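Okay, structure first, notes after.
The values are calculated or read from the model by the stated rules, or taken from the named source; none is laboratory data. Worth saying up front: this structure is predicted, and the values here are computed from it rather than measured. In this analysis, Cβ positions are derived from the backbone assuming ideal geometry, glycine residues included, and neighbour counts consider all displayed protein chains. Just the protein is used for accessible areas: all its heavy atoms, side chains included, with ligands, DNA and RNA removed. Shrake-Rupley method; radii C 1.70, N 1.55, O 1.52, S 1.80 Å.
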Amino acid sequence: MQNAAYRWMLPQIPTLVFIHIVLFFKQVYKMYKSEAILLIYYSYVKEQYLLVCPPQHVTGASLDYDADKPRPGYRLIGSVHSHADMSAFHSGTDIHDEVNFDGIHLTLGNMTFDGFSLSSEIVMNDHRFKVDPITLVHSLAKIQNNTSEYTLGLLIREDREKRRLEKIREEESANAQIEEINLGETETEKDQFI
């Protein structure tokens with residue numbers, strides 16, 4: 001028998017979509033201290049991903065979910081679930097649940113940390129392949145080499161810092177304009193501009 005191989009043909013999951021995934025699982029952990037699952041769909045026509053949270057029954061370390069209804073124009077291509085505060089790996093239960101579910105399967109863990117751990121595998125025709133998550137998710141970065149810990153946090157902090165600096169610049173610019181307008185006017189006239 002030849003060694004099985006795969007070739008992933010879809011674009012990487014966009015950064016913003018993955019940020020929503022991470023924030024969703026962090027919020028679930030914060031509120032319920034449990035795992036959760038999202039189903040991943042892709043539209044070849046629209047060239048976009050769709051995430052669906054199916055009805056599910058969850059506990060701290062397990063979950064059962066109902067099959068989702070078909071999504072017109074989209075194809076179910078995998079799943080992403082969390083291991084709450086445990087590290088990310090594909091457990092025996094995960095492997096069993098995914099055996100007949102061809103597609104990508106991502107597991108996020110360590111939802112209590114700034115970063116998160118991530119494990120990814122592809123299942124195709126009864127074969128399972130470990131995949132470097134960096135090949136599946138845009139802008140993903142390892143916190144340290146030889147670990148399964150990743151972050152999008154640097155991007156989030158960078159974006160937050162950029163917005164904060166823009167706001168400060170806008171406020172400084174507005175204040176400068178007000179000062180220019182108010183130069184030489186009486187206190188009563190100044191109060192009209194403030």
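By how many nm would the segment from Ser87 to Lys33 lengthen if fully extended, with 0.36 nm per residue of separation less the alpha-carbon distance?
This chain segment gains 18.0 nm when fully extended.
Roughly how many Å² is the accessible area per residue of region 7-76, as a whole number, for a 1.4 Å probe? The partial results should precede the final answer.
On the way: 4410 Å² over 70 residues.
Per residue, region 7-76 has 63 Å² of solvent-accessible surface.
At Leu23 and Glu170, where each label point lies 7 Å from the Cα along Cα→Cβ, what is the point-to-point distance in nanometres?
If labels sit at Leu23 and Glu170, their model points lie 1.8 nm apart.
In whole Hz and in residue order, list the ³J(HN,Hα) couplings for region 105-122 that follow from phi through the Karplus curve 6.51 cos²θ - 1.76 cosθ + 1.60, θ = phi - 60°; x for Gly and Pro.
These are the phi-based 3J(HN,Hα) values: 9, 10, 10, 9, x, 6, 5, 8, 8, 4, x, 6, 9, 8, 10, 9, 9, 10 Hz.
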